[in-house]
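Take a look at the structure below.
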Amino acid sequence: QVQLVESGGGLVQPGGSLRLSCAASGIIASIGAMGWYRQAPGRQRELVATITPGGSTNYLASAKERFTISGDNAENTVSLQMNSLSPEDTAVYYCYVLVRGIPYWGKGTLVTVSA
């Protein structure tokens, strides 16, 4: 059973930074990618950033210049450094891992950007 545990959410002022981390445990084999989605109130879940074991990354357009995703293949962890946060970034952020084509999700961590 794959389990994902996220940490690092919280309240931050506009322009501030946060770092989210996620650790995967359980039966981890053939990981295709790890990354982060987010869901704001009243909106659909959207992809924020992904990273493959080979280091290829993909970002939401609005996050590309502000967020940096990194991963540790040996530890099965993924992190998301978020800078220059704005209120539009307020959402629940979900870690995910793709194992043999099957996505597994964390429970989510709330990020609130507010003055």
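For the subset of the stretch 60-74 comprising residues that are in a strand (DSSP E or B) and either within 20 Å of SER17 (Cα to Cα) or of a type in the set (Gly, Ala, Ser) (or both), which member is modelled with the lowest pLDDT? Within the stretch 60-74, the match that is modelled with the lowest pLDDT is GLY71. Taking each residue of the stretch 70-99 that is under 21 Å from SER56 (Cα atoms) and looking for partners that are open to solvent by 40 Å² or more (accessible area, probe 1.4 Å) and aromatic (Phe, Trp, Tyr) with beta-carbon atoms closer than 7 Å, six or more apart or interchain, yields TYR94/TYR37; TYR94/TRP105; TYR96/TYR37; TYR96/TYR104; TYR96/TRP105; VAL97/TYR104. One residue stands out among those in the stretch 75-91 that are open to solvent by 40 Å² or more (accessible area, probe 1.4 Å) and not acidic (Asp, Glu): the one that is modelled with the lowest pLDDT, which is THR77.
What residue, among those in the stretch 67-95 that are touching a Leu at 6+ places or on another chain (Cβ under 7 Å) and among the aromatic types (Phe, Trp, Tyr), is farthest from ARG38 (Cα to Cα)? Break it down into steps so the answer makes sense when it comes.
First pass over the stretch 67-95, keeping only residues touching a Leu at 6+ places or on another chain (Cβ under 7 Å): 67, 69, 79-80, 82, 85, 92-93, 95.
If we keep only those that are among the aromatic types (Phe, Trp, Tyr) as well, we get 67, 93.
Details: PHE67: 13, TYR93: 4 Å.
Across the stretch 67-95, the extreme among qualifying residues is PHE67.
Residue count for the stretch 18-59, restricted to those that are in contact (Cβ under 8 Å) with a residue 40 or more places away in the chain, part of a loop (DSSP other than H, G, I, E, B) and open to solvent by less than 60 Å² (accessible area, probe 1.4 Å): 3. If you go through the stretch 99-115 and keep only what is under 15 Å from ARG45 (Cβ atoms) and either of a type in the set (Val, Ile, Thr) or open to solvent by 20 Å² or more (accessible area, probe 1.4 Å) (or both), you end up with PRO103, TYR104, TRP105, LYS107, GLY108, THR109, LEU110, VAL111.
The values are calculated or read from the model by the stated rules, or taken from the named source; none is laboratory data. Computed from a predicted structure; not experimentally measured. Quick reminder, even Gly has a Cβ in these numbers, built from the backbone with ideal geometry, and neighbours come from all protein chains shown. Only protein heavy atoms, including side chains, enter the accessible area calculation; ligands, DNA and RNA are left aside. Shrake-Rupley method; radii C 1.70, N 1.55, O 1.52, S 1.80 Å.
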